[in-house]
1. Would you pick out the residues in the range 30-44 that are surrounded by 13 or more Cβ atoms within 10 Å (Cβ to Cβ) and not β-branched (Val, Ile, Thr)?
2. Right, Gly18: at pLDDT below 95 and surrounded by 15 or more Cβ atoms within 10 Å (Cβ to Cβ) or not?
3. Just give me the residues in the range 23-79 being touching a residue at least 12 places away in the same chain (Cβ under 8 Å), within 18 Å of Gly89 (Cβ to Cβ) and of a type in the set (D, E, K, R), in sequence order.
4. I'd like to know if the range 70-77 contains one or more residues that are over 11 Å from the mean Cα position of the chain (by Cα), among the polar types (S, T, N, Q) and modelled with pLDDT under 95.
5. Give the number of residues within the range 40-93 that are hydroxyl-bearing (Ser, Thr, Tyr), within 15 Å of Arg27 (Cα to Cα) and touching a Lys or Arg at 6+ places or on another chain (Cβ under 9 Å).
6. In the range 18-44, which residues are among the hydrophobic types (A, V, I, L, M, F, W, C) and not in a helix (DSSP H, G or I)?
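The values are calculated or read from the model by the stated rules, or taken from the named source; none is laboratory data. These figures come from a predicted structure and were not determined experimentally. As a convention, Cβ positions derive from the backbone with ideal geometry for all residues, glycine included, and neighbour counts pool all protein chains shown. In case anyone asks, the SASA skips ligands and DNA or RNA and just uses the protein heavy atoms, side chains included. Shrake-Rupley method; radii C 1.70, N 1.55, O 1.52, S 1.80 Å.
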Amino acid sequence: METKIVEVLDRQGGYEVGNSNPTQNERILDYIEKNGSITQLEALTECSVMRLASRVSDLRRKGYPITSKMVQVKNKYGETCHVKRYSMGDVNG
């Protein structure tokens, strides 16, 4: 996890005291920072987070500028589906 996220989480009380494992919110922030964005499927398979929208709501409440947009993807059967993709928005608005 990069220093800037660690510093922000520490300032906002994002770490659980006595827990050396990253919280779900920390895992989501780390994934977005490394990959640019995240979908529900990525949250489940890569971060073991079942309820991404709830974690995004938590993070927004803490002041993170997370934005979302609907994107088209293909499922394993080649069918077009629409999913929400979350990313960090522009801090300066």
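1. Going through the range 30-44, the residues surrounded by 13 or more Cβ atoms within 10 Å (Cβ to Cβ) turn out to be 30-33, 37-40, 42-44.
Scanning the range 30-44 gives Asp30, Tyr31, Glu33, Ser37, Gln40, Glu42, Ala43, Leu44.
2. Details: at pLDDT below 95: yes; surrounded by 15 or more Cβ atoms within 10 Å (Cβ to Cβ): no.
In short, no.
3. Asp30, Glu33, Arg55, Asp58, Lys62, Lys69
4. yes
5. First, pick out the residues of the range 40-93 that are hydroxyl-bearing (Ser, Thr, Tyr): 45, 48, 54, 57, 64, 67-68, 77, 80, 86-87.
Pick out the ones that are also within 15 Å of Arg27 (Cα to Cα) and you get 45, 48, 54, 57, 64, 86-87.
Within this subset, residues satisfying the condition of being touching a Lys or Arg at 6+ places or on another chain (Cβ under 9 Å) are 48, 86-87.
The total comes to 3.
6. Within the range 18-44, the subset among the hydrophobic types (A, V, I, L, M, F, W, C) is 28-29, 32, 38, 41, 43-44.
The one that is among the hydrophobic types (A, V, I, L, M, F, W, C) and not in a helix (DSSP H, G or I): Ile38.
So that you can scan it fast, the table gives a plain yes or no per residue for (1) open to solvent by 60 Å² or more (accessible area, probe 1.4 Å); (2) of a type in the set (Asp, Glu); (3) at pLDDT below 95; (4) part of a helix (DSSP H, G or I):
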| residue | (1), (2), (3), (4) |
| --- | --- |
| Glu46 | yes, yes, no, yes |
| Val56 | no, no, no, yes |
| Thr67 | yes, no, no, no |
| Lys84 | yes, no, no, no |
| Val91 | yes, no, yes, no |
